[in-house]
Amino acid sequence: MVSPLVALTPEIQSAIATALGDDFRDVDPVLRPSQFADVQANAALALARRVGAPPRDVAAMIVDALDLDGIAETVAVSGPGFINVTYSDSWLESLLSEVEADERIGVPVEERQNIPIDYSSPNVAKEMHVGHLRTTIVGDSLARILEHLGHHVIRQNHIGDWGTPFGMLIEHLLEVGENAAEVNVLVTDPNAFYQAARAKFDAAEQAEPAGSAGDFDARSRARVVKLQAGDKETLEHWDRLVGMSKAYFNRVYTTLGVTLTDGDLAGESMYNDELAAICDELERKGIATMSEGALCVFLDGYTGREDQPVPLIIRKSDGGYGYATTDLATIKYRVARLGAHRALYVIGAPQALHLNMVWDTARKAGWLPNDVTPVHVQIGNVLDKDRKILKTRSGSSLRLMALLEEAVDKARALIDETRPDLSEGTRATIAHQVGIGAVKYADLSVAHGSEYVFDLDRMVALTGNTGPYLQYVGARVRSIFRQAGRDPLAQHAPILIGERHERELVKALLGFGEVVTAVGSEYEPHRLCGYLFDLAQTFSAFYENCPVIKAELDEVKESRLTLCALVLRTMTTGLDLLGIESPAQM
Ligand code: ARG
């Protein structure tokens, strides 16, 4: 967990540096949060080694020389030579007043960079599975956060819209007829279409003698050749298939409330015209060589069994290009054309080897300069209750859309129970916000590279580290303001710390800017989730212990209302950066 106060340490760092004097300017005080004080510095430990004195003595010397007037209440030596600094209430009050007056609630704006983010990237004529769901949700949150930090984010939805399967898909399309109901199924259950085409293809291929089950396989292969040659009629059929799948993807995106639009599509087909030149250039530069009929790149450090070098195949022996060639094109394009400073690929963890080989090849070719950082944001598997990889099956209750609908239904049951007083329409809206928010939060609150078990009942629960629990905080604050007949947006009063729970809440609120910045550089939305969960718990403890509307003194009431309003702003903004909506009431 991030300390809410590490961000406040420059003053302390420089005070310690001053106390240490010129000779020790380069001793970096290591600061970390402690349970009993706000921050702990172990400068003395590092220094003691150099001067050969006991760390506790060195720490005592530093404490004597420290000038933290106005910042710290107490400064004391503890343990083997730690320096505990306890911030003064007035210092915390003044810091939070600044945050409160800041419309960005303490989130700094960074120097603008171009950051393409490859995420979602499902395949045409196939069902999006929970893995796609997770990259979509994590990628969308990173896009929102980096944009909020001031960057130019360029969403790249690298859909799988090219390759050999399109031969059989187009032939199947022609056989069932362009306007048949079977084609429309692509929008609701794309796997059914894909599997029907696949079944025909396999049957034709296995048939003895060849051709006895029709020539579907031969026609499919011929169709691929036509597609690659740019045959006009074939391209029209292809376009129809892609169009249907886009409609399906957009249905999912709308349901999820993700920011992807058709303008963000940058599918595999976009790079067709580059692939031949990419292979030529790599061959000319001596980076790629022919091996068993295929054009391959062999890189140092990539060996498999028995130390055999692992090739990156960029042109197959039949002349076709594959996934690796297209990804060479993506990195080249993102660097040269999009001017990327960083390039994020939010894709499955098992693809790490693929990406590293692609990037190393691109570096060798001069397409990926050292000042551009490619990042693999690894997405871990989503498991079912038996800890097996959760699969969406065509027609079964595990279809992705069905899964999302089930989440909304569960949220609806919850709202029907807790808020029967609300109108039908309002309850439907809240159920959608809560159900979808629950699924998103479950994806975001675990480290993106770790596996987790998909359990709708746990996700939708109102207690624990869940989306609904956080959404409830905002709804609760709004209801406090409704009761008081006040507007949270208009609530600005001086912040006063009188009680321990107020102090804890102030410290928690001060940490927002730091955690958002950290997520923007570490790509770990789960840290923002952890922060918001902590904030929610700290707020609960505050609200249980500190009367707000019934506070005895007027200035205390105003300060507490201001804290509540700031909790609302921080929670709403934080959830929004995760892509989660905040219901007005729950
Ligand atoms: N379409 C691929 C899949 O479904 C993911 C593509 C990820 N992006 C990339 N540039 N390789 O697994």
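The values are calculated or read from the model by the stated rules, or taken from the named source; none is laboratory data. In this text the structure is predicted, and so the values were computed from the model without any measurement. Cβ atoms come from the backbone with ideal geometry, glycine included; neighbour counts cover every protein chain shown.
The table for this structure:
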quantity	calculated
Subset of region 122-145 (residues that are among the polar types (S, T, N, Q), part of a helix (DSSP H, G or I) and within 8 Å of the ligand (Cβ to nearest atom))	Thr135
Top-ranked residue in region 170-198 [being in a helix (DSSP H, G or I) and acidic (Asp, Glu); ranked as modelled with the highest pLDDT]	Glu171
Matching residues in region 483-493 - criterion: being assigned to a loop (DSSP other than H, G, I, E, B) and within 18 Å of Arg104 (Cα to Cα)	Gln491, His492, Ala493
Helices (runs of 4 or more DSSP H) contained in region 353-467 and holding at least 2 residues touching a residue at least 60 places away in the same chain (Cβ under 8 Å)	400-418, 424-445
Hits in region 87-121 (condition: touching a strand residue (DSSP E or B) at 6+ places or on another chain (Cβ under 7 Å) and either within 16 Å of the ligand (Cβ to nearest atom) or at pLDDT below 95 (or both))	Tyr87, Ser88, Ile115, Pro116, Ile117, Asp118, Tyr119, Ser120, Ser121
Residues located in region 309-342, provided they are hydrophobic (A, V, I, L, M, F, W, C), in contact (Cβ under 8 Å) with a residue 40 or more places away in the chain and within 10 Å of the ligand (Cβ to nearest atom)	Ala329, Ile331
Counted residues, region 329-343 - those being farther than 29 Å from Pro309 by Cβ and either in contact with a Leu (Cβ under 8 Å, 6 or more places away or on another chain) or of a type outside the set (A, V, I, L, M, F, W, C) (or both)	4
Cross-chain or 6+ apart pairs with Cβ under 7 Å, region 129-140 first and touching a residue at least 24 places away in the same chain (Cβ under 8 Å), then more than 8 Å from the ligand (Cβ to nearest atom) and among the basic types (Lys, Arg)	His129/Lys391; Ile137/Lys440
Test: Phe542 is buried (at least 23 other Cβ atoms within 10 Å of the Cβ), of a type in the set (Phe, Trp, Tyr), assigned to a helix (DSSP H, G or I) and out of contact with any Cys (no Cβ under 6 Å at 6 or more places or on another chain)	yes
Whichever residue in region 159-187 is loosely packed, with under 15 Cβ neighbours inside 10 Å and of a type outside the set (A, V, I, L, M, F, W, C) and, among such residues, is nearest to His132 (Cα to Cα)	Asn184
Tabulated pairs, region 250-273, first under 18 Å from Ile331 (Cβ atoms), second among the hydroxyl-bearing types (Ser, Thr, Tyr), C-beta under 6 angstrom, 6+ apart or interchain	Glu268/Thr326; Tyr271/Thr326
Subset of region 259-272 [within 16 Å of the ligand (Cβ to nearest atom) and under 18 Å from Met401 (Cα atoms)]	Leu260
Unique residue being within 16 Å of the ligand (Cβ to nearest atom) and on the phi < 0 side of the Ramachandran plot when the list is Val372, Val408, Val446, Val434	Val372
Failed criterion for Thr429 (all others in (1) within 30 Å of Leu186 (Cβ to Cβ); (2) touching a Lys or Arg at 6+ places or on another chain (Cβ under 9 Å); (3) of a type outside the set (A, V, I, L, M); (4) surrounded by fewer than 18 Cβ atoms within 10 Å (Cβ to Cβ) hold)	(2)
Subset of region 348-363 [within 11 Å of the ligand (Cβ to nearest atom), polar (S, T, N, Q) and buried (at least 17 other Cβ atoms within 10 Å of the Cβ)]	none
Qualifying residue in region 226-234 (condition: in contact with a Leu (Cβ under 8 Å, 6 or more places away or on another chain), buried (at least 20 other Cβ atoms within 10 Å of the Cβ) and modelled with pLDDT under 95)	yes
Test for Lys285: is it surrounded by fewer than 20 Cβ atoms within 10 Å (Cβ to Cβ) and modelled with pLDDT under 95	no
Test for Tyr194: is it within 16 Å of the ligand (Cβ to nearest atom), among the hydroxyl-bearing types (Ser, Thr, Tyr) and touching a Pro at 6+ places or on another chain (Cβ under 8 Å)	yes
Among (1) in contact with an Asp or Glu (Cβ under 9 Å, 6 or more places away or on another chain); (2) on the phi < 0 side of the Ramachandran plot, the one test that Gly106 misses	(2)
